[in-house]
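*Asks:* Dropping a structure here in structure tokens format, bear with me for questions.
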Amino acid sequence: MSTSDGFPPRRRLPPDPATPSGQITPPGQVTPSGWATDRRGFLRLTGAAGLAGAAGALAACSSGSPGSPAASQAAPGGGTTVHEYVPGPQPVSGGRRGGTVAVVWSDPPNSLDPAVGYNLTAWDAITQLVYFGGLMAYDKQVGGPVPNIAAAAPALSTDGKTLTFKLRPGVKFHNGRAVVAGDFIYSWERMLNPTLASWATSYLTSIVGANAVINGKAKHLEGVEAPDDHTLVVHLTAPDFTILNAFALPMTAPVPKEEVERLGNTKFGQTPVGPGPFRIVSYDSAAQTARFERFGDYMYPGLPYLDAVTYRWGVDPSVQLLQLQNGAVDLLGPGIPSSQAAHVLATPALRALTKERPSPGNLWLTIYLDKPPFNKQQVRQALNLAVNRAAIGRVTYGTYTPWGAPFPQQIANFKPVFTPYSYNPAKAKQLLAQAGYPNGFSAVLTIGSEEPYPEIAQIVQSQLAAVGVHLSLNQVSGNALLSLEAAAQNGGGHLQLDGDDWYQVQPTPADEVNALYTTGASSNYNRYSNPQVDTLAAQARATFSETARNKLYARIQQLIGEDAPFVFLLSALWLAGVGKRIHNYQYRGETYSYYDRMWV
Amino acid sequence: MTAEAASPAPGTAGPGAAGATAGARARRTGRWPPTLIAGSALLLFFVMIAIAAPLFGNPLHQDLLGGLTRTGLPLGISRAHPLGTDTLGRSELARLAYGIRTSLIVAIIANITSITVGATVGLLAGFFGGPLETILMRLTDVGLALPYTLAALVIAGLMTAGLTRVIVIITALFWAYPARLVYGEVLRLRHRGFVESGEAMGASGITVVRRHLAPHMFPLLVTYSPLNAASAVVFEATLSYLGAGINPPTASLGNMISDGQDALSYAPHLLLVPAAAILLITMSFLLIGEGLKARNPDLARVSWLGR
């Protein structure tokens, strides 16, 4: 995905988190008894995954339920106390009402329609302003889905294929109407309908009848029903834990039918109506601004603190930094650009305007495995051993960190088992010789023009030359690269190596596995296929216990690491640019900046 | 340069050339006008840098440890690195020398190819007339009407990156103007006695074009080519800056500006040095063009120096 305007997005949202549902084999080990029906129990369930250091953080979730003392204890300085548990990074209490925050962006939002918007600017506005999660929302800094518009975690049938949600009463759209179960059915049918051309349809393919709607064979989504206004029943073709992540993402958020029909799809994409903490009051594509104002009837009383959030886009990244420095803006939407990060971190006055947050993204070179020499595993491993990631890290200092393994370095509750590739040119040469290339070979590395690819490509080029692999660089526009990748995925094109990245929108390795590594996955451009990975991935997808499935993902990581379909290079960091006025800046890689709990 | 300037009445200097202008003085005395001397000296300086580029170091050598500060920023100006280092720890001086070399190679080759194509089109259209003239000159009109940057990006999308691509793009976009110039000049000379005599003696059309018309185009094209070269240098830099020209890691002034732009706030020399080089190279070509024009009585009356 990329914008069609001049500035390529720094983050690419996955167009598809999941393989077609038909590939999932219903496993036997689903234990419905593990499903709790109240929010507290649900949190405990997700927290039970508790591995390593994350265990403490997640254990804390279960005490964060409504009315518990934890919520008010979190309030610093005696500001407003929010008497309710709100999903997302904590604390939510302690803020002061009022004020306006100005956010600056590079790209215009591609659309603010939750089913259509995917670029950085759109994602931020949709996930945190006009909408906030869906039935579920992500919990804490790294947690999984917890109830949001749903009053409690869904009741799961014994076969693991039917989820029953009770909706929270009193949730209102910005036009004042209450959210009812029928709104979800309408919104999902609308999203899946091919006429809307939503990028996110595959998130819901495990719902019965979803594929029929996607293919235009049906208008109504067979697998969802609303017995009454506050009950929603979802039938799945097979057990699928990722569906709850999908329900926590704004593509599945409810949109009011009457407003969509009043405004039409295009206009709704500019001035959407949702149940989120801020309502949009103006959108001016000529002046490149949008304004969002506090929604008084927001479902979490006491929030948000800010009166308004303003967007301004079309601003060059280096200008953004100057604006932040002189106080003209409060937040850099795209964060500190990687070309400026080293400078910013080395200058104390600028460093004071940054916040580091985990970011579940990574960056690599895709190896197109169909043709020699890349069809040889030894060659691919040799490439992984021949790059000196520490040297690359010198240039991407502050926004990426060296990481020679599949999946982002930090995923909640996932403990990597694969030993990351390290720099070992001698071993690389030896492997190349074993593969029949003692004198190396030549290849073309194709890259997009957005940073940091040109710089990384030049460094990799000089490092691989040392083991006899001579790369020539072909720099193309971001959109051209996407069409080359699409061609390669269909078995055509001439790509050999290209630079790519992924930012997860689900806090689980499933996000990358189901999109990049399984056979036929939506973004599996190099047509990597390992039957073992496919089997394990399907098994993991139907496993509701996080501990059990993360063990499966660890095995998948090991397999992928050994197969080396990519030259794994870096894992992302998020370096936010935050003005001095901002208090309680909270961020998650999947859902960006939490404006509802921010105050000035 | 306009078509009008290219075809004044033969043998008469324009009104601006009358009196004691530098050009007229230069013509009288046979000396080079000062603009020509200055331009040539400047160009010679850059040509020498381009030839001696290997003496300034390897433009591709990355020193990610020693060539960057502790926090990964480019080094400033020092004895070891007279112009500092760029964001990958490469010597900025070496890259500048090689960038100048790239620019001059593009300027010279693209200049020759675009003028050759343009002159051929203009000669054929002007001499043979008829449907050929209509086709070629309408094509020329199209060529003149193309938005350069947009058209260049389209062509760039069709080719693989490199020096050849830049030369092809510049040729494809820069041939129309000389074609127009030459066409006008041919129309002026087409019915002169020496042309018609040649035809009367039974010389073939091609022979007449080659022997009698083409030589008359030389003064015109020699004066035009420095201007064309200056445009080519700027356009190469534009293309490389947009990522449609010379691909990294090859040093080119456009690439260096593109890299340096991001570093403006902490290493301004990475932007200013290559920008100054482009300015001076362009300047040298313009001065030479102006000087040559001053020496050509047919063209001397039109001058951007405005005497």
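The values are calculated or read from the model by the stated rules, or taken from the named source; none is laboratory data. Quantities reported herein were computed from a predicted structural model and do not represent experimental measurements. Here the Cβ is made from the backbone with ideal geometry for all residues, glycine too, and neighbour counts use every protein chain on show.
*Asks:* Which numbered condition in (1) more than 24 Å from residue A:117 (Cβ to Cβ); (2) assigned to a strand (DSSP E or B); (3) in contact (Cβ under 8 Å) with a residue 60 or more places away in the chain is the only one that residue A:240 fails?
*Replies:* Residue A:240 satisfies every listed condition except (2).
*Asks:* On the basis of being more than 21 Å from residue B:104 (Cβ to Cβ), surrounded by fewer than 19 Cβ atoms within 10 Å (Cβ to Cβ), in contact with a helix residue (DSSP H, G or I) (Cβ under 8 Å, 6 or more places away or on another chain) and at pLDDT below 85, does residue B:301 make the cut?
*Replies:* Details: more than 21 Å from residue B:104 (Cβ to Cβ): yes; surrounded by fewer than 19 Cβ atoms within 10 Å (Cβ to Cβ): no; in contact with a helix residue (DSSP H, G or I) (Cβ under 8 Å, 6 or more places away or on another chain): yes; at pLDDT below 85: yes.
Spelling it out, it is not the case that residue B:301 is more than 21 Å from residue B:104 (Cβ to Cβ), surrounded by fewer than 19 Cβ atoms within 10 Å (Cβ to Cβ), in contact with a helix residue (DSSP H, G or I) (Cβ under 8 Å, 6 or more places away or on another chain) and at pLDDT below 85.
*Asks:* Output the residues belonging to the stretch B:32-49 that are of a type in the set (A, V, I, L, M) and over 19 Å from residue B:102 (Cα atoms). Explain how you work it out, then say what you get.
*Replies:* Within the stretch B:32-49, the first condition is being of a type in the set (A, V, I, L, M), and the residues that meet it are B:36-38, B:41-44, B:47-49.
Result: B:36, B:37, B:38, B:41.
*Asks:* State whether the residues of the stretch A:122-133 include one that is assigned to a loop (DSSP other than H, G, I, E, B), charged (D, E, K, R) and either touching a Cys at 6+ places or on another chain (Cβ under 7 Å) or within 25 Å of residue A:92 (Cβ to Cβ) (or both). Reasoning before the result, please.
*Replies:* From the stretch A:122-133, those assigned to a loop (DSSP other than H, G, I, E, B) are A:131-133; that's our starting set.
Now drop any that are not charged (D, E, K, R), which leaves none.
Checking the stretch A:122-133: not a single residue is assigned to a loop (DSSP other than H, G, I, E, B), charged (D, E, K, R) and either touching a Cys at 6+ places or on another chain (Cβ under 7 Å) or within 25 Å of residue A:92 (Cβ to Cβ) (or both).
*Asks:* Could you tell me how many of the residues in the stretch B:61-74 are more than 7 Å from chain A (Cβ to nearest Cβ) and surrounded by fewer than 20 Cβ atoms within 10 Å (Cβ to Cβ)? Give the steps one after another, and end with the answer.
*Replies:* Taking the stretch B:61-74 and keeping what is more than 7 Å from chain A (Cβ to nearest Cβ), we get B:61, B:63, B:65-67, B:69-70, B:74.
Then keep just the ones that are surrounded by fewer than 20 Cβ atoms within 10 Å (Cβ to Cβ); that gives B:61, B:63, B:65-66, B:69-70.
Residues meeting the conditions: 6.
*Asks:* Sticking with this structure for a sec: Quick one: residue A:396 ticks every box in (1) surrounded by fewer than 23 Cβ atoms within 10 Å (Cβ to Cβ); (2) in contact (Cβ under 8 Å) with a residue 60 or more places away in the chain except a single one, so which number is it?
*Replies:* Answer for residue A:396: the failing condition is (1).
*Asks:* Can you tell me which residue among A:232, A:221 is part of a loop (DSSP other than H, G, I, E, B) and in contact with a strand residue (DSSP E or B) (Cβ under 9 Å, 6 or more places away or on another chain)?
*Replies:* Details: A:232 fails: part of a loop (DSSP other than H, G, I, E, B).
Residue meeting the stated conditions: A:221.
*Asks:* Further, regarding this structure: Within the stretch A:464-492, work out how many residues are over 24 Å from the mean Cα position of the chain (by Cα), within 14 Å of chain B (Cβ to nearest Cβ) and touching a residue at least 40 places away in the same chain (Cβ under 8 Å).
*Replies:* Here the count works out to 2.
*Asks:* For residue B:8, only one of the following conditions fails: (1) modelled with pLDDT of 80 or more; (2) more than 14 Å from every other protein chain (Cβ to nearest Cβ). What is its number?
*Replies:* Every condition holds for residue B:8 apart from (1).
*Asks:* In the list B:172, B:203, which residue meets the criterion of being surrounded by fewer than 20 Cβ atoms within 10 Å (Cβ to Cβ), within 21 Å of residue B:112 (Cα to Cα), more than 14 Å from chain A (Cβ to nearest Cβ) and out of contact with any Ser or Thr (no Cβ under 6 Å at 6 or more places or on another chain)? First the steps, then the outcome.
*Replies:* Numbers: B:203 fails: within 21 Å of residue B:112 (Cα to Cα).
The conditions single out B:172.
*Asks:* If you check A:499, A:520, which single one turns out to be in a strand (DSSP E or B) and either touching a residue at least 60 places away in the same chain (Cβ under 8 Å) or within 14 Å of chain B (Cβ to nearest Cβ) (or both)? Show your work before the answer.
*Replies:* Numbers: A:520 fails: in a strand (DSSP E or B).
On inspection, the qualifying residue turns out to be A:499.
*Asks:* Then there is this: What pairs come out if I take residues in the stretch B:94-112 that are within 26 Å of residue B:176 (Cα to Cα) and pair them with residues that are outside any helix (DSSP H, G or I) and modelled with pLDDT under 95 whose C-beta lies under 9 Å away, six or more apart or interchain?
*Replies:* Close Cβ pairs satisfying both conditions: B:102/B:246; B:102/B:250; B:102/B:251; B:102/B:252; B:103/B:252; B:106/B:245; B:106/B:246; B:106/B:252.
*Asks:* Another question, if that's okay. Just to be sure, is residue B:102 of a type in the set (Val, Ile, Thr), under 23 Å from residue B:247 (Cα atoms) and within 14 Å of chain A (Cβ to nearest Cβ)? Give the steps one after another, and end with the answer.
*Replies:* Working: of a type in the set (Val, Ile, Thr): yes; under 23 Å from residue B:247 (Cα atoms): yes; within 14 Å of chain A (Cβ to nearest Cβ): no.
For residue B:102, the condition - of a type in the set (Val, Ile, Thr), under 23 Å from residue B:247 (Cα atoms) and within 14 Å of chain A (Cβ to nearest Cβ) - is not met.
*Asks:* Right, here's the next one. Restricting attention to the stretch A:534-586, which residues are without any contact (Cβ under 8 Å) to a residue 60 or more places away in the chain and of a type in the set (Gly, Ala, Ser)?
*Replies:* Of everything in the stretch A:534-586, just one residue is without any contact (Cβ under 8 Å) to a residue 60 or more places away in the chain and of a type in the set (Gly, Ala, Ser), namely A:540.
*Asks:* Only one of these conditions is not met by residue A:109: (1) assigned to a strand (DSSP E or B); (2) at pLDDT below 95. Which number is it?
*Replies:* For residue A:109, the failing item is (1).
*Asks:* If you don't mind, there's one more thing I want to ask. Output the number of the condition that residue B:291 fails; it satisfies all remaining conditions of (1) away from every other protein chain (no Cβ under 14 Å); (2) in contact (Cβ under 8 Å) with a residue 40 or more places away in the chain; (3) within 24 Å of residue B:153 (Cβ to Cβ).
*Replies:* (3)
*Asks:* Can I ask one more? Starting from the stretch A:333-352, keep only residues that are more than 10 Å from chain B (Cβ to nearest Cβ), then list their pairs with residues that are crowded, with 17+ Cβ neighbours inside 10 Å and of a type in the set (A, V, I, L, M) whose Cβ atoms are within a distance under 6 Å, requiring at least 6 positions of separation or different chains.
*Replies:* These pairs meet every condition: A:333/A:103; A:334/A:120; A:335/A:575; A:335/A:576; A:336/A:344; A:336/A:575; A:351/A:345.
*Asks:* Being away from chain A (no Cβ under 14 Å), surrounded by fewer than 16 Cβ atoms within 10 Å (Cβ to Cβ) and within 30 Å of residue B:209 (Cα to Cα) is true for just one of B:116, B:120. Which residue is that? Don't jump to the end; show me each part of the working.
*Replies:* Values: B:120 fails: surrounded by fewer than 16 Cβ atoms within 10 Å (Cβ to Cβ).
Sole residue among the options that is away from chain A (no Cβ under 14 Å), surrounded by fewer than 16 Cβ atoms within 10 Å (Cβ to Cβ) and within 30 Å of residue B:209 (Cα to Cα): B:116.
*Asks:* Whether any residue in the stretch B:252-275 is within 14 Å of chain A (Cβ to nearest Cβ), crowded, with 22+ Cβ neighbours inside 10 Å, in contact with a His (Cβ under 9 Å, 6 or more places away or on another chain) and in a helix (DSSP H, G or I) is what I want to check.
*Replies:* yes
Here's the yes/no breakdown for (1) touching a residue at least 40 places away in the same chain (Cβ under 8 Å); (2) out of contact with any His (no Cβ under 9 Å at 6 or more places or on another chain); (3) closer than 30 Å to residue A:331 by Cβ:
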site	(1), (2), (3)
A:116	yes, yes, yes
A:162	yes, no, no
A:166	yes, no, no
A:190	yes, yes, no
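*Asks:* Turning to a different aspect of this structure: Just one of the numbered conditions (1) within 25 Å of residue A:118 (Cα to Cα); (2) surrounded by 24 or more Cβ atoms within 10 Å (Cβ to Cβ); (3) among the hydrophobic types (A, V, I, L, M, F, W, C) is not true of residue A:167; which one?
*Replies:* Failed condition: (1).
*Asks:* For residue B:247, state whether it is surrounded by 24 or more Cβ atoms within 10 Å (Cβ to Cβ), within 14 Å of chain A (Cβ to nearest Cβ) and assigned to a helix (DSSP H, G or I). Please lay out each step first, then the result.
*Replies:* Numbers: surrounded by 24 or more Cβ atoms within 10 Å (Cβ to Cβ): yes; within 14 Å of chain A (Cβ to nearest Cβ): yes; assigned to a helix (DSSP H, G or I): no.
It is false that residue B:247 is surrounded by 24 or more Cβ atoms within 10 Å (Cβ to Cβ), within 14 Å of chain A (Cβ to nearest Cβ) and assigned to a helix (DSSP H, G or I).
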